[in-house]
1. Answer yes or no: is there a residue in region B:62-79 that is polar (S, T, N, Q), part of a loop (DSSP other than H, G, I, E, B) and either in contact with an Asp or Glu (Cβ under 7 Å, 6 or more places away or on another chain) or at pLDDT below 90 (or both).
2. Would it be correct to say that A:Asp113 is surrounded by fewer than 18 Cβ atoms within 10 Å (Cβ to Cβ), within 30 Å of B:Gly36 (Cα to Cα) and of a type in the set (Asp, Glu)?
3. Looking at (1) under 26 Å from A:Val6 (Cβ atoms); (2) exposed (fewer than 14 other Cβ atoms within 10 Å of the Cβ), find the lone condition where A:Leu209 falls short.
4. Under 7 Å by Cβ, and 6 or more places apart or on different chains, what pairs join a residue from region A:10-22 that is within 12 Å of chain B (Cβ to nearest Cβ) with one that is exposed (fewer than 15 other Cβ atoms within 10 Å of the Cβ)?
5. Examine region B:244-266 for a residue that is within 14 Å of chain A (Cβ to nearest Cβ), over 22 Å from B:Leu140 (Cα atoms) and in a loop (DSSP other than H, G, I, E, B), and state whether such a residue exists.
6. Tell me which residues, restricted to region B:263-281, are of a type in the set (A, V, I, L, M, F, W, C), under 16 Å from B:Gly91 (Cα atoms) and surrounded by 15 or more Cβ atoms within 10 Å (Cβ to Cβ).
7. Taking region A:191-213, which residues are modelled with pLDDT of 90 or more and touching an Asp or Glu at 6+ places or on another chain (Cβ under 6 Å)?
8. Just name the residue that is nearest to B:Ser101 (Cα to Cα) out of those in region A:66-89 that are surrounded by 22 or more Cβ atoms within 10 Å (Cβ to Cβ) and of a type in the set (A, V, I, L, M, F, W, C).
Amino acid sequence: MDTHAVQVTGLRKTYGGRTAVDGITFEIARGETFALLGPNGAGKSTTVEILEGYRRRSGGDVRVLGVDPGDGGLDWKARLGIVLQSTGQAGLVTVREQLRQFAGFYPRPRDVDGVIAAVGLQRQADTRIAKLSGGQQRRVDVALGVIGRPELLFLDEPTTGFDPQARREFWDLIRTLQADGTTIVLTTHYLDEAAQLADRAAVIAGGRLRAIGTLDRLGGPEARVPIVRWRESGVARAERTDRPLAFANALSARLGTEPEQLEIVRPSLEDIYLDLVEDAATSPDLGAADSAEADLSKAEDVR
Amino acid sequence: MTAVTAAALPGAAVPGVLRTGIHRTRFEILQYFRAGDTVFFTFLFPVFMLALFSVAFGGDGDIRLAPELPAISMAGIHLPGMLAAGLLLSGFQNLAVDIASERSDGTLKRLGGTPLSPVAYFAGKIGQVAVTGTLQAALLLAVAAFAFGVDLPAEPERWLTFTWVFALGITAAALLGVAVSALPRTAKSATAVIVPIALVLQFISGVFLTFSQLPDWLQDIASVFPLKWMAQGMRAVFLPDAFAVLERGEGWNLLSVLLALAIWLVAGLVAARLTFRWIRRDA
């Protein structure tokens, strides 16, 4: 069995003349939880929909569980679980009826009552879905995504609209799936969620991969260089340095006094993410250009 | 949740189309009868209209459509048309609105991400139409016979005709419904687009108005569409043979009914096959 759940090489997607995805390459190992981060309209959803088999790619090579999603048959779909961003619910049926229906599509479904319990809807099991709250309906979405015992689970912004407690409970549910060996592709806007759940993350902006790696290394060491901030002659100043204490001492010596409003901070995950996305907006060809071109020539061979 | 890794148990096959088709049919019927609006506007509507015509216009007792023809009750005149309308509503209107809504609210996209085969999905829809259409026809016949004293035919050959007109008609209507479901762009516009088509067809095809009393040019237009042929087939079953003189060509012309319905069935099948997508568009 191949060790990768997902392999994407030089993926391109154009709509008419517009390029939505411009040469993206990454791999996801089996059992890994991988977060896709990026602003709306950055090519994130298009990438995921190509992996799920909903859209066809314009170029590049994609393997999901060893299969090209463009040719993925029903047996392949039976190994996936897909929780879409926002989907219609059969509001007239109960939670249990809906789960029983979906369980019937799969060769080895999970136990319906077990899944209902796992998403915390035991008390609503016989309630019509239309009568549930938004957060509860979202849990039904997740339950439908996992009922088929997927090897690979796609979660597209799963906790939007959840209260903090519901989000914690959802994270616990995802950890059970991780413990079961499920590979998870998580698309989210919440960086704390990615930090909590994901082994690795990729930032996509402007149709290109801006950074990829474990959450504590995302953006590379230069993105994590501490910042020393202070005020001097009424002007806010800042300096990024690997030796902030030595810098602050030197600063203090130079000024002959305690620097005004001195602070030493390490960029938060959010700061790093925003820097990456801003870089993408100002210099669209940053970094990804070389690999994208190399992948393009390869993509033509493949096709 | 059971701690079994999915990867550890490879090789189980996806359930067959027959099994998932029956599974879907059950689910579809459950959903159908829980939706109050479809139950009224699709399922009970022809029964309601039959009762309305009989009560509103039946006060003067039986009527004569022509001097040489025997008198007949209002319910007796309208029963064949209402049966035909039932085929159109249960097949065409029901599926067109239903599938358009499922496409627009994301239900189809969700199903498209599962190992459910499109064939099983349609088996479920057709199964739902077959079951609800049969129940509807049975209810119409029962109401006509017991509430309004319509004499139902006793001859087996008439019921044989009824069976094939019903089967061909509802299948063609269902397939055309699937094909037309691609037209509305949103769930909200689905009823606005579909219902007027069905309504106009009912007016020109001899459902609400006696077909023989429509002007010839309107009869010609109606003859292009399948509802006119369903209604004609049903008249052949439920009206005394003497009434055949009111038809064009002064006969029931069942061969034309058969041909017209068969052509529409094939056209519907081809169109449904060509237009159906799990999601709205893939650029």
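The values are calculated or read from the model by the stated rules, or taken from the named source; none is laboratory data. Quick caveat: nothing in here was measured; it's all calculated off a predicted structure. Because the Cβ atoms are built from the backbone with ideal geometry, glycine has one as well, and the counts that use them run over all protein chains shown.
1. Step one: list which residues in region B:62-79 are polar (S, T, N, Q), which gives B:73.
Of the ones still in play, those that are also part of a loop (DSSP other than H, G, I, E, B) are B:73.
From what's left, either in contact with an Asp or Glu (Cβ under 7 Å, 6 or more places away or on another chain) or at pLDDT below 90 (or both): B:73.
Looking for residues that are polar (S, T, N, Q), part of a loop (DSSP other than H, G, I, E, B) and either in contact with an Asp or Glu (Cβ under 7 Å, 6 or more places away or on another chain) or at pLDDT below 90 (or both), one finds at least one in region B:62-79, hence yes.
2. Values: surrounded by fewer than 18 Cβ atoms within 10 Å (Cβ to Cβ): yes; within 30 Å of B:Gly36 (Cα to Cα): yes; of a type in the set (Asp, Glu): yes.
It is true that A:Asp113 is surrounded by fewer than 18 Cβ atoms within 10 Å (Cβ to Cβ), within 30 Å of B:Gly36 (Cα to Cα) and of a type in the set (Asp, Glu).
3. (2)
4. A:Tyr15/B:Ala283
5. So in region B:244-266, the residues within 14 Å of chain A (Cβ to nearest Cβ) come out as none.
For region B:244-266, residues within 14 Å of chain A (Cβ to nearest Cβ), over 22 Å from B:Leu140 (Cα atoms) and in a loop (DSSP other than H, G, I, E, B): absent.
6. Start the filter on region B:263-281 by keeping residues that are of a type in the set (A, V, I, L, M, F, W, C), which leaves B:263-267, B:269-272, B:274, B:276, B:278-279.
Still in the running and under 16 Å from B:Gly91 (Cα atoms): B:264-267, B:269, B:271-272.
Selection gives B:Trp264, B:Leu265, B:Ala267, B:Leu269, B:Ala271, B:Ala272.
7. A:Asp199, A:Gly207, A:Arg208
8. Checking each candidate, the answer is A:Leu84.
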